[in-house]
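**Q** I'd like to ask some things about the structure below.
The values are calculated or read from the model by the stated rules, or taken from the named source; none is laboratory data. Please read all numbers here as calculations on a predicted model, not as lab measurements. Here Cβ is always computed from backbone atoms with ideal geometry, including for glycine, and neighbour counts include all displayed protein chains. Protein only, heavy atoms only, side chains kept; ligands, DNA and RNA dropped before computing areas. Shrake-Rupley method; radii C 1.70, N 1.55, O 1.52, S 1.80 Å.
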Amino acid sequence: MSIDFLESEIKTIQSAVNKRWKKENINVNLADIEITKEGVLTLIPAAVWEDENSTFIILKMGIFSYKSLFYYLTSKRFDTGVSEYNDLYECANTLLKAQADFILSEHTKDLNLHSLK
């Protein structure tokens with residue numbers, strides 16, 4: 001039984017990417033990524049895309065089962081804190097929000113921000 005990404009799933013991910021980067025042309029590509037699953041090296045279908053500093057990956061673990069992560073500057077790996085999603089749209093959007101939150105924290109950690117009252 002094949003668990004490759006369906007065309008509708010790719011469109012769902014591409015839609016989330018397009019909403020995030022409205023003026024840039026960032027394409028979602030397909031790949032196979034080797035992971036250890038139940039103690040065995042296994043090829044898993046993946047949707048992959050990149051921006052200037054990050055590489056995003058959504059793994060298709062099974063039918064309606066997805067896992068997401070991103071790499072920042074190829075040396076830091078992050079996930080969303082959710083082991084697996086059964087809703088691809090939620091998986092993609094949560095991944096994008098996690099990366100946006102990380103980028104915001106990286107750019108503001110040295111700023112002295114005060115709330116306005």
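**Q** Kirkwood hydrodynamic radius, the chain, all distinct C-alpha pairs: what's the number in Å?
**A** Result for the chain, one decimal place: 15.3 Å.
**Q** Quickly estimate the mean residue ellipticity at 222 nm for the chain, helices only: each DSSP H run with n ≥ 4 gives -39500 (n - 2.57), and the total goes over all residues, rounded to 500.
**A** When only DSSP H runs of four or more count, the value is -10000 deg cm²/dmol.
**Q** To continue, here is another question. Quick check: at a probe of 1.4 Å, how many percent of the accessible area of the range 1-69 sits on carbon and sulfur atoms?
**A** The C+S portion of the solvent-accessible surface of the range 1-69 is 51 percent.
**Q** Also, I was wondering about something else. Placing +1 on the Cβ of each Lys and Arg and -1 on the Cβ of each Asp and Glu in the chain, which of LEU59, ALA100, TYR89 has its Cα farthest towards the positive end of the resulting dipole?
**A** Checking the options against the dipole of the chain, the answer is ALA100.
**Q** Next question, about the same structure. Label points 7 Å out from Cα along the Cβ direction at SER8 and ALA31: separation in nm?
**A** Computed distance between label sites SER8 and ALA31 equals 2.7 nm.
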